[in-house]
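Heads up, the thing below is written out as structure tokens.
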Amino acid sequence: MIKKNLKTLIITSIIILLPMVAGLVLWNRLPEQVPFHWNAAGEIDGWASKPVAVFVPSAAMLALQWLCLLVTSTDPKKQNHPEKVKVLVLWLIPIITVFISALMYVSALGVSVRVETLMPILLGLVFVAIGNYMPKCKQNYTIGIKIPWTLASEENWNRTHRLAGWVWVGGGVVMLLSGFLGIFWLTFVPAIIMVAVPLIYSYILHQKGI
């Protein structure tokens, strides 16, 4: 997978490092303490030193990007990874890194940011994208809903992921709406449903011998 997607990997890795470059450009304008975490109400409740805020997120996410790719590449069933799913995996981390870093820098420069609106919208888009590809994801050990029942039965895997696709797309849409409506707590409801429903459904199939 690494050789086949090397160009995309290089581009996405560069994008992950862009916030670090932006932080260096903005270095003299950034305060010594930069907003690093927000609570459910969209209020800043965590701060980080300027070096940590500039260097750590990009470095950590770059390491995560390569780790995900390495684990996926060593999957004995890696031939079951659809190409579009591989591309999605490669692009999710760069998008999230740029988005989060932008929130930190903009907030640090004194611009008011409605995190309680933007975060649900980002999460909603991510889950809609993942849900769209769930049914296309064939049985493997790194991408998808990897529980004993799905890994033991290909039919269980396929049925569970078909249902999960609908549930995740629907949950993502609800998250989007919660962001536009400013109802941040509503984000947690679909998140719980997206985890619980596929797991319960897969277990029911398993109990039926599927």
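³J(HN,Hα) across segment 32-45 via Karplus (A = 6.51, B = -1.76, C = 1.60, θ = phi - 60°), whole Hz, x for Gly/Pro?
So the J values, rounded to whole Hz, are 5, 10, 10, x, 10, 8, 10, 8, 5, 8, x, 9, 5, 10.
How would Ile10, Ile93 rank on accessible area, largest to smallest, probe 1.4 Å?
So, going from the largest accessible area down, we get Ile10, Ile93.
At 222 nm, what value in deg cm²/dmol follows for the chain if DSSP H runs of at least 4 each add -39500 (n - 2.57) and the sum is divided by all its residues, to the nearest 500? Intermediate values should be presented prior to the final figure.
Working: 7 runs with 142 residues, N = 210.
Only helices count here, giving -23500 deg cm²/dmol.
Looking at the P(r) of the chain, how many percent of alpha-carbon pairs lie beyond 24 Å? Show your work: numbers first, answer last.
On the way: 11299 of 21945 pairs.
The proportion of pairs with Cα distances above 24 Å equals 51 percent.
If you project the alpha carbons of segment 122-210 onto the principal axes, what extent comes out on each, in Å, largest first?
That works out to 44, 22, 17 Å along the principal axes.
Sorting His161, His37, His206 by accessible area (1.4 Å probe), largest first, what list results?
His37, His206, His161
Taking amide H positions as placed 1.01 Å from N in the peptide plane, with prolines and chain starts having none, which residues 5 or more places from Trp38, or on another chain, fall under 5 Å of its amide H?
For Trp38, the qualifying residues are Asp45.
If the cut-off is 12 Å between C-alpha atoms, which aspartates and glutamates fall inside it for Lys138, apart from same-chain ones fewer than 8 positions away?
Glu83, Glu154, Glu155
Enumerate the calculated ³J(HN,Hα) couplings along segment 7-13 in order (Karplus 6.51 cos²θ - 1.76 cosθ + 1.60, θ = phi - 60°), each rounded to whole Hz, writing x wherever the residue is Gly or Pro.
Working through the residues one at a time gives 4, 5, 5, 5, 4, 5, 5 Hz.
The values are calculated or read from the model by the stated rules, or taken from the named source; none is laboratory data. Quick caveat: nothing in here was measured; it's all calculated off a predicted structure. Surface accessibility is based on the protein's heavy atoms, side chains included, excluding ligands, DNA and RNA. Shrake-Rupley method; radii C 1.70, N 1.55, O 1.52, S 1.80 Å.
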